[in-house]
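Just below is one structure, and these are the notes that go with it.
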Amino acid sequence: QVQLVESGGGLVQPGGSLRLSCAASGSIFSRYAMGWYRQAPGKQRDLVATITSGGKTNYADSVKGRFTISRDNGKNTVYLQMSSLKPEDTAVYYCNAQQGVFNYWGRGTQVTVSS
């Protein structure tokens, strides 16, 4: 069992930056592939970025070059550094942990990009 708690969301102006954090507890964090997903009102939940247990990263085309996912296994935490934010990045951002058939979600943190 893994518990995930996101933090760092908020209101930011277009062009600004935010860093999201996801603290994990309850299992061996380093074994899990971690990811960030987002869901805008009325839309499906979409992948933003993932990072494997070995540190390999993958990004949605819409955030490549602007977002960076990273993990600190010593702190059981995964981060999403977001820069050059756009209004279309507005969504609830969810943290995800996967290992084999196990799949866990956090409750999400709201990111709003608006002037």
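The values are calculated or read from the model by the stated rules, or taken from the named source; none is laboratory data. In this text the structure is predicted, and so the values were computed from the model without any measurement. Using ideal geometry, Cβ is built from the backbone for each residue, glycine included, and neighbour counts are taken over all protein chains shown. All accessible areas refer to the heavy atoms of the entire protein, side chains included, with ligands and DNA or RNA removed. Shrake-Rupley method; radii C 1.70, N 1.55, O 1.52, S 1.80 Å.
Annotations
- Peptides 50-59, 19-28 ordered by average Cβ neighbours within 10 Å, highest first: 19-28, 50-59
- Overall form of the chain per C-alpha gyration tensor (a/c, 1.5; a/b vs b/c): prolate
- Top of Gly65, Gly74, Gly15 by mean-square fluctuation, Gaussian network on the chain, Cα under 10 Å: Gly74
- Residue-by-residue Karplus 3J(HN,Hα) for segment 38-51, coefficients 6.51, -1.76, 1.60, Hz, glycine and proline x: 9, 9, 8, x, x, 10, 6, 7, 10, 5, 9, 7, 9, 9
- Surface share of carbon and sulfur [accessible, 1.4 angstrom probe, percent] for the chain: 47 percent
- Comparing Val101, Val48, Val63 in a Gaussian network model of the chain, where Cα atoms under 10 Å apart are tied by springs, the biggest mean-square fluctuation is seen for Val101.
- Based on protein heavy atoms only, segment 4-105 ends up with 52 Å² per residue of surface accessible to a 1.4 Å probe.
- Centroid-to-centroid, using Cα positions, segment 1-41 and segment 96-112 are 8 Å apart.
- Net dipole in debye of the chain [+1 Lys, Arg Cβ; -1 Asp, Glu Cβ; about Cα centre; nearest 20]: 120 debye
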